Every structure is written in C-alpha cells, then in structure tokens.
Protein chains: 2
Amino acid sequence: MAAAMQVVDTQGAGAFSMRALGAFLECDPTAMYRHFTGKNALLDALVDSVVRDGAANLPETDDPRADIRANFRQLRRSLLAHPTLAPLVLRRPPGVGAYWERSDHAVAQLHRAGMDPVDAANVYQTLLFYTLGHTLSEARQLARAVEREGAGADAGPVAAVRPPQDRHPDLSDIAPHLRDDNEVQFLAGLDLILRDLPR
Amino acid sequence: MAAAMQVVDTQGAGAFSMRALGAFLECDPTAMYRHFTGKNALLDALVDSVVRDGAANLPETDDPRADIRANFRQLRRSLLAHPTLAPLVLRRPPGVGAYWERSDHAVAQLHRAGMDPVDAANVYQTLLFYTLGHTLSEARQLARAVEREGAGADAGPVAAVRPPQDRHPDLSDIAPHLRDDNEVQFLAGLDLILRDLPR
DNA sequence: ACCTGAACACCGTTCAAGT
DNA sequence: ACCTGAACACCGTTCAAGT
C-alpha cells in the first residue's frame, strides 16, 4: 500500500501504527484489517515491495562483473530509499518473497563468467550477506536522521564507519583508508569478493 | 542487567517490556527508571554486553589468518547466543560501544600478516559487514523458534539459505553447493574474503 | 461487502506521594 | 535515596453493530 509506505517514509517505521495509518487515510484504524491480516502482514508487503523494486530491469551486458556490481548496488539503493524500513528485511526468512529474483540474476552471471558451481555458491552468498550487513548499518544512520527531523532530513553525507582514534591505535592507522563515501566503500568490498571472477 | 537478558532470552526481545521485567523482578515497572533512563538505554546496554562478550580473550597465535577467523567466528557465536536480541546491534551507530574492541584485534592481525593499510581497511570492513549480514539473517530464523516455542526451543539445525527450486533454475543449479551447515557456510565466506592474506 | 467504534489487554514514561 | 502506583497518551486486535 502506497499510503503505508508514505507514512513509514515520513514518520519512520518506528512511529508507524495502524492508528497513524488510519489517521493518514482519514478512516477508522480497524478498516485495514479487511485488506491485510494485521500489521505484520502489512509490513511484510512493504518490505517485499522494496526488495522487488528495480529487480525487474537489471542490466544484461557482455560484462558479467559489471552486471553483478549493478545488481547489488541497486539492492543497496532500494533499501536506502526507505532507511527506517530497511532493517525489517530481516523479519522475513531469506527464501521467501522477492529476495531470490535478484540473486537469480547474479548467479546466472557468475555462471556466464565461467565460474564453477561451488565457487559461484560461495561468492553469491557472501555478496548477499555483505550487501545486507553494509546496507543495513548505513540505513540505521540515515534512519536516525529521519526519526529525529522527519521526512527527508538533510543529514548531509552519512559518516563512514570510523573507529575512535584515541582508543585503538591499530584501527587509527587504517582510518584514513576507510573511505568517507559509503558508496565507494561498498563497491570496494564487492570488488574484493569478486576479485577472482574470470574475465 | 542479567535479569533483563534472562527475560529477553526466554520471552524474546519482542515481548520484552518494562512491565514484563517488573513482573520478573517482582517490583514496580517504573522502578527501573532509577537505574536506566528508559527502555532504549536498557536495550543498548544489553546489546553492548553481547558484542563485548568474549572479545577480551581472542587468540593471538602465530597464524594471523586463524586468529582473524576465530575473531569473527566468535562474534557470530556471541550474537547467535541471543538470537532475538541480535538484530538490535543495528540500533547503535557502529563507532559506539564494544564494536571496535573486536575489530582492533582483526586489523592488528592483518598488519602482522603483512597486508598494506589500504587492503587492510577494505578487508576489515568487508569482513565485519559480511559477518553482520550472515549472522543477523541466521539469528532471525533462530529467533522465530524462540518466539514461537519459548526459551531454548530445539528447532533443530537451522535450514541454510535456499532458493525455491521451481522458480529459479540458475539458483537451483548451485543449491547443492549451498552448505546445510550455517557455520561451514559462514567460514567459507570468511575464507573467500581472506583469500589474498599473505602467509 | 465493507466500514465503524467501543472494548480489551496491553505499552513507555512521568510525577506526586510515600518510606 | 529509593520505590510505588495512579495517570497519561499511546498500542494491536476483536467483534457486534451499522450501511
């Protein structure tokens, strides 16, 4: 439901309630129970629509590595478009819903690139969980801005993951190499995992 | 607070409330506000204690790769020990709390193994986010068992991530290579990321 | 067929009052 | 100093009643 997504994006998923949605739609809070079995089903539908978003038209070029990068980059983008909702992807078991539509594409590309099935399975699951971990961590930072200041808070660029310089000398050594740009940082991790992809 | 952790582990984090904790401690639900500023602070303290758990005595052998594996494997184990609480690690910004104590160790080991700072930064953040993504996905499955059947439900081994065989032929090709054992699957991903670690 | 609204059993948090 | 308990402003969900 588009209205529910609008409430989630403007108020934050934490403030989303049947009563808030009822007020937004100017109807009784219990009217939604005719269309969804409850709040959980509604949230599941929202999460599914986010994961499915953009999965239909993933690129199929003659560069498998670029296609795979585009696939997970787009998953990241879809999740970050709704930062307060993003962590709720973990509510759904991974074999359910729109999840697999996306990964089907990635695995096909790994095959096309000449990777054998055992490596493909390993690379695929590593890419997926890396993308989830990275994106959900980033989403929480964006979500805090939304929940503090309401819709579309201009929180500026989100700070990259940074150690406290004072406490951890080893981490501080590498701190300059933790990129400020989360997108660049994210892609660097993808490339690390895809390092051995045959060309 | 140990009592709060006990309530979370037996009832599930979803059923945890100030009132439930008050009932468990046989005191008024509002008494806790003398010790914690609110429910959020209490949950943050619980999450911190989980992330910190076991971080103090990580191994320091002459095999850096094994030490790094042990580090993230132990983080996974600590999170899975409290499956319903695990997803709440995303509540905290990553530069806060016990998070870094663990990673300090990993980065020191990457240095010791002769890795240059740029690669170390990249490998380190990839390992961390992969571990979070993998472990939080797995934790949710365990959590569903706890929340259905109460404490220590013997849900059997958690099913590995599996595509629906009927819908996705490419994924089905590799399905036999998605290991049943989540621990083995997890370690395979770590090794993929650590592939280029100098020996 | 669909919506309403009272009702039930819950929440987190505050605050005046007790000891 | 610490706990209590009433109170406030919320929840999700059910169900008899309306149209």
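The values are calculated or read from the model by the stated rules, or taken from the named source; none is laboratory data. Model, not experiment: these values are computed from the prediction. For neighbour counting, all protein chains shown are included, and Cβ atoms are generated from backbone atoms with ideal geometry for every residue, glycine included.
For the stretch A:18-29, indicate whether the set of residues that are buried (at least 20 other Cβ atoms within 10 Å of the Cβ), among the aliphatic types (A, V, I, L, M), in contact with a Gly (Cβ under 8 Å, 6 or more places away or on another chain) and away from chain B (no Cβ under 13 Å) is non-empty. Reasoning before the result, please.
Residues of the stretch A:18-29 that are buried (at least 20 other Cβ atoms within 10 Å of the Cβ), as a first pass: A:21.
Now narrow it down to the ones that are among the aliphatic types (A, V, I, L, M): A:21.
Among the residues that remain, those that are also in contact with a Gly (Cβ under 8 Å, 6 or more places away or on another chain) are: none.
No, because not a single residue in the stretch A:18-29 is buried (at least 20 other Cβ atoms within 10 Å of the Cβ), among the aliphatic types (A, V, I, L, M), in contact with a Gly (Cβ under 8 Å, 6 or more places away or on another chain) and away from chain B (no Cβ under 13 Å).
With the requirement that a residue be charged (D, E, K, R), free of Cβ contacts under 8 Å to residues at least 12 places away in the same chain and buried (at least 16 other Cβ atoms within 10 Å of the Cβ), what does the stretch A:168-199 give you?
A:170, A:173, listed by residue number.
Within the stretch B:49-63, does at least one residue satisfy the condition of being within 15 Å of the chain's Cα centre (by Cα) and of a type in the set (S, T, N, Q)? I'd like the intermediate steps shown before the answer.
Step one: list which residues in the stretch B:49-63 are within 15 Å of the chain's Cα centre (by Cα), which gives B:49-55.
Retained after the next criterion (residues that are of a type in the set (S, T, N, Q)): B:49.
So far as the stretch B:49-63 goes, yes, one or more of its residues are within 15 Å of the chain's Cα centre (by Cα) and of a type in the set (S, T, N, Q).
Among the residues of the stretch A:41-56, is any near DNA strand D (Cβ under 10 Å from one of its atoms), in contact with a helix residue (DSSP H, G or I) (Cβ under 9 Å, 6 or more places away or on another chain) and among the β-branched types (Val, Ile, Thr)? Outline the logic, then answer.
To start, the set of residues in the stretch A:41-56 that are near DNA strand D (Cβ under 10 Å from one of its atoms) comprises A:41-43.
Within this subset, residues satisfying the condition of being in contact with a helix residue (DSSP H, G or I) (Cβ under 9 Å, 6 or more places away or on another chain) are A:42-43.
From what's left, among the β-branched types (Val, Ile, Thr): none.
There is no residue in the stretch A:41-56 that is near DNA strand D (Cβ under 10 Å from one of its atoms), in contact with a helix residue (DSSP H, G or I) (Cβ under 9 Å, 6 or more places away or on another chain) and among the β-branched types (Val, Ile, Thr).
Give the residues of the stretch A:81-97 that are surrounded by fewer than 18 Cβ atoms within 10 Å (Cβ to Cβ) and of a type in the set (A, V, I, L, M), sorted by residue number.
A:81, A:96
Within the stretch B:1-101, considering only helices (runs of 4 or more DSSP H) that don't extend past its boundaries, which have at least 3 residues that are of a type outside the set (S, T, N, Q) and within 16 Å of DNA strand C (Cβ to nearest atom)?
Working: elements: B:2-11, B:18-25, B:39-52, B:64-80.
Result: B:2-11, B:18-25, B:39-52.
Kindly check whether there is at least one residue in the stretch A:103-123 that is within 20 Å of residue A:2 (Cα to Cα) and in a helix (DSSP H, G or I).
No, because not a single residue in the stretch A:103-123 is within 20 Å of residue A:2 (Cα to Cα) and in a helix (DSSP H, G or I).
How many residues does the stretch A:49-65 contain that are surrounded by 16 or more Cβ atoms within 10 Å (Cβ to Cβ) and over 16 Å from residue A:80 (Cβ atoms)?
Qualifying residue count for the region: 3.
Among B:126, B:135, which is the only one that is touching a Lys or Arg at 6+ places or on another chain (Cβ under 9 Å), at pLDDT 95 or above and at the interface with chain A (Cβ under 9 Å from one of its Cβ atoms)?
Numbers: B:126 fails: touching a Lys or Arg at 6+ places or on another chain (Cβ under 9 Å).
Exactly one of B:126, B:135 is touching a Lys or Arg at 6+ places or on another chain (Cβ under 9 Å), at pLDDT 95 or above and at the interface with chain A (Cβ under 9 Å from one of its Cβ atoms), namely B:135.
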